[in-house]
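One structure is given below, encoded as structure tokens.
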Amino acid sequence: MNAIKYVHEKLSGNKEFPLFKAGDNITVNYKIIEGNKERIQSFKGDVIKRQGVGHTASFTVRKISDGIGVERVFPLYSPNIDSIVLNKTGHVRRAKLFYQRTRSGKSARIREKRMTTETTTATE
Amino acid sequence: MKGIIGKKLGMTSIFDPGGRQVACTVIEAGPCVVTQVKTQESDGYNALQLAFGDKNEKHSNSAEKNHFAKANTAAKKFVKEFRDYSIDKNLGETITVEIFTEGETVDVVGTSKGKGFQGVVKRHGFTGVGDATHGQHDRSRAPGSLGNSSDASRVMKGVRMAGRTGNDRVKLKGLKVVKIFPDKNYILISGSVPGHNGSIVLIQK
């Protein structure tokens, strides 16, 4: 798929993200356009899914807002994503954490993975 | 009319200026060589014959070689005629993707993927017969009645039945040109395009 790679290199270039996976707690700062004004809103929650490869990849973030579970799917290379901040690395045994949907409160906690600090930035 | 011959390379999605994801197909279109100019006087109609894709010389016979030699080009794999071409081109000149502009709507002609022998549900969108439960069985993908009874005593011509599906010429109209890469001869067209990756498509307007 050289042609498709070429297209994405030309159009979206490479963006830098922290290396995150399912179970991690992240904050996504994304741009919202209201009329002519542009502002940044943040969405903080646990990543429950990473999907796809290359420039069409996406991820799902789940958070509990006022006792109600809210999920948002973001395309990784969306120009509307201003930045992604990695808050916590989670210790999970699965790549897709859909079981979180049936859980709430204490049982929905994700154990934090402790590790030595290293640079976790990578270009994907 | 204007048009070009191309090769479907695959699908992906890109972001439009509003940040919305748009599915699109990458097509390598041209460069095509004009190998014959047909005119009203000589042929009874106006058309341009375009050729696309290089071919190994040992696979072309002398008739082909001489035909392409008139246009001063090597033997080509695909030759297609476009009637009443709106751009004036002479024999031997090339046509590139730059005949299209971004945002333009075009028609794309291709050969759909062959699906083999298929039943009426897939082939004609029938919904099968009766219920899935209540004691019924083996009828959920059946074609049902083929027509009338004793008055006619035959099946009418053209009744839709199971059979070979796909591998047909399909034209999709009104697709948008999302992006053009003239240096690589790539053209991005919104949505899907008939055929498998690597198949030949015509982009025309």
Across segment B:165-187, the tally of residues that are open to solvent by 80 Å² or more (accessible area, probe 1.4 Å) and in contact with a helix residue (DSSP H, G or I) (Cβ under 9 Å, 6 or more places away or on another chain) stands at 1
Checking B:Gly119, B:Gly110, B:Gly92 in turn, the sole residue that is more than 30 Å from B:Ala74 (Cα to Cα) and of a type outside the set (Ser, Thr, Tyr) turns out to be B:Gly119
The correct count of residues that are within 21 Å of B:Tyr186 (Cβ to Cβ), surrounded by fewer than 18 Cβ atoms within 10 Å (Cβ to Cβ), out of contact with any Gly (no Cβ under 8 Å at 6 or more places or on another chain) and not acidic (Asp, Glu) in segment B:81-99 is 1
Those residues of segment B:1-19 which are open to solvent by 10 Å² or more (accessible area, probe 1.4 Å), within 7 Å of chain A (Cβ to nearest Cβ) and more than 28 Å from B:Leu48 (Cβ to Cβ) amount to B:Thr12, B:Ser13, B:Ile14, B:Phe15, B:Gly19
- Message: Suppose the filter is open to solvent by less than 50 Å² (accessible area, probe 1.4 Å), more than 14 Å from chain B (Cβ to nearest Cβ) and not charged (D, E, K, R); does A:Gly45 pass it?
- Response: yes
Residues in segment B:20-47 that are over 22 Å from B:Tyr186 (Cα atoms) and either facing chain A (nearest Cβ under 9 Å) or open to solvent by 10 Å² or more (accessible area, probe 1.4 Å) (or both) total 11
*asked:* Would you confirm whether or not segment A:55-66 contains a residue that is more than 27 Å from B:Val22 (Cβ to Cβ), small (Gly, Ala, Ser), away from chain B (no Cβ under 14 Å) and part of a strand (DSSP E or B)?
replied: yes
When you check B:Glu93 against the structure, is it assigned by TED's automatic domain parsing to the domain that holds B:Glu64 and more than 24 Å from B:Arg169 (Cα to Cα), yes or no?
yes
Residue pairs qualifying under the 6 Å Cβ cut-off, at least six apart or on distinct chains, with the first in segment B:155-174 being part of a strand (DSSP E or B) and the second being open to solvent by 80 Å² or more (accessible area, probe 1.4 Å) and not aromatic (Phe, Trp, Tyr), are B:Thr165/B:Lys115; B:Thr165/B:Arg123
B:Gly53 passes all but one of the listed conditions (1) within 26 Å of the chain's Cα centre (by Cα); (2) on the phi < 0 side of the Ramachandran plot; the exception is number (2)
B:Lys77 of a type in the set (Lys, Arg), under 24 Å from B:Ile4 (Cβ atoms), assigned to a strand (DSSP E or B) and open to solvent by 70 Å² or more (accessible area, probe 1.4 Å): yes
Somewhere in segment A:65-83, is a residue out of contact with any Leu (no Cβ under 8 Å at 6 or more places or on another chain), at pLDDT 90 or above, among the aromatic types (Phe, Trp, Tyr) and open to solvent by 40 Å² or more (accessible area, probe 1.4 Å)? no
Listed by first then second residue, the pairs whose first member lies in segment A:1-24 and is more than 9 Å from every other protein chain (Cβ to nearest Cβ) and open to solvent by 20 Å² or more (accessible area, probe 1.4 Å), whose partner is outside any helix (DSSP H, G or I) and among the small types (Gly, Ala, Ser), with beta carbons under 7 Å and at least 6 positions apart or on separate chains, are A:Leu19/A:Ala122
Exception for B:Asn61 within (1) open to solvent by 80 Å² or more (accessible area, probe 1.4 Å); (2) in contact (Cβ under 8 Å) with a residue 60 or more places away in the chain falls at (2)
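The values are calculated or read from the model by the stated rules, or taken from the named source; none is laboratory data. Note that this is a predicted model, so its numbers are computed, not measured. Cβ coordinates were reconstructed from backbone atoms using ideal geometry, including for glycine residues, and neighbour counts include every protein chain displayed. Calculation scope for accessible area: heavy atoms of the full protein, side chains included, ligands and nucleic acids excluded. Shrake-Rupley method; radii C 1.70, N 1.55, O 1.52, S 1.80 Å.
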